[in-house]
Amino acid sequence: MDGLEGRRARRAGHGVTPRAILFDMDGTLIDSDPVHAAVFIEFLGARGLDITEADYTRRIHGRLNREIFAELLPNHDADEMDAGKEAAFRERVTAEFPMVKGARAYLETLSALPLAVVTNACRANLDTVLERLSLGGHFRHRVSSDEVVHGKPAPDLYLRALDLLGVRADEAVAFEDSASGVASARAADLRVIGVATSLTPEALLDLGAIHAIRDFTDPTLSDHIAIPEGATL
């Protein structure tokens, strides 16, 4: 067995039965990368720095805004730039904002499990997305970059979420779409299911994901995560 399927088989082994599941937000639950890219391109362009979508993918995707602005606009206040860019993003979040295919339905199948959303986004973005898309009720805990010293790829966000959920890393699974997100979850000793919205399945497996899906309608997902009926903590 060669290629992607071979790597999936070697990495995955048997399906896991988690006691909790943790989800990244941008690019994992919501299809926000095109919007973030457009906002960054406009925001940086207005300040004299022209970037392309390829630049966004290579230099910005999955990183903390403060680090991005400190690098790309060193003569501007990084915190002010961060606040301005994210305010522009929130203006575009409506109830019709696109979700990753199958994400809402998949969350509904997990009602018996405690869930957390774990994001490099600020708390204002996290709350705005969950409330405007009516997703907040699915999650027992919300963890944003405002709550830790080091965001992804450091493990702090996931360690905080595990502590709030009261489970060990080997009792949980994380869904992630970016290199920094996979690195963060793996650094917290979590098993990771990659969501191939911005990276290829092959790239996610190479980064350490135990499995990779195109979206939440992928029929192989149930082979890798078994949800116990009536599960609770």
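Rule-based calculations on the coordinates, nothing more; no lab input. Everything numeric here is computed off the predicted structure, so don't read it as measured data. In this analysis, Cβ positions are derived from the backbone assuming ideal geometry, glycine residues included, and neighbour counts consider all displayed protein chains.
Could you check what % of the DSSP bridge pairs in the chain are antiparallel, to the nearest 5? Before the final figure, lay out the partial values.
Details: 1 of 20 bridges.
Bridges in the chain that DSSP calls antiparallel: roughly 5 percent.
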For this session: Hand me the trypsin sites (Lys or Arg not before Pro) from segment 22-82 located in a DSSP loop with no more than 16 other Cβ atoms within 10 Å, in residue order please.
Result: ARG47
Exercise. When only DSSP loop residues count, what GluC sites (Glu not before Pro) in segment 53-113 have their Cβ near at most 12 other Cβ atoms within 10 Å?
Worked result: GLU91, GLU96
Seminar exercise, completed: For the chain, averaging the sequence separation of alpha carbon pairs under 8 Å that lie six or more residues apart and dividing by its residue count, the contact order in percent is 28
Exercise. Taking the Cα atoms of segment 161-233, what is the range of coordinates along each of the three principal axes, in descending order and whole Å?
Worked result: 34, 27, 14
Exercise. Each label point is 7 Å from the Cα along the Cα-to-Cβ direction; what then is the distance between the points at ARG214 and ARG92, in nm?
Worked result: 2.5
Seminar exercise, completed: Given [x] 17.3, 55; [y] 29.5, 95; [z] 17.5, 58 as possible values of Rg and Dmax of the Cα atoms in Å, the one from the coordinates is [x]
Seminar exercise, completed: Candidates ALA161, ALA112, ALA20; GNM for the chain (alpha-carbon contacts under 10 Å) flags as most fluctuating ALA112
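Please sort by residue number the trypsin sites (Lys or Arg not before Pro) in segment 91-143 whose DSSP state is loop and whose Cβ has at most 16 other Cβ atoms within 10 Å.
On the way: sites: ARG92, LYS101, ARG104, ARG123, ARG132, ARG140, ARG142; in loops: ARG92, LYS101, ARG140.
Of the trypsin sites (Lys or Arg not before Pro), the ones in loops of segment 91-143 whose Cβ has at most 16 other Cβ atoms within 10 Å are ARG92, LYS101, ARG140.
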For this session: Name the most mobile residue of ALA154, ALA116, ALA124, meaning the one with the largest mean-square fluctuation, in a Gaussian network model of the chain with Cα contacts below 10 Å.
Result: ALA124
Exercise. Between segment 118-172 and segment 59-76, how many Å separate their Cα centres?
Worked result: 21
Exercise. Between rounded, prolate and oblate, where does segment 33-90 land on the alpha carbon gyration tensor, with a ≥ b ≥ c its root eigenvalues, rounded for a/c under 1.5, else prolate if a/b exceeds b/c?
Worked result: rounded
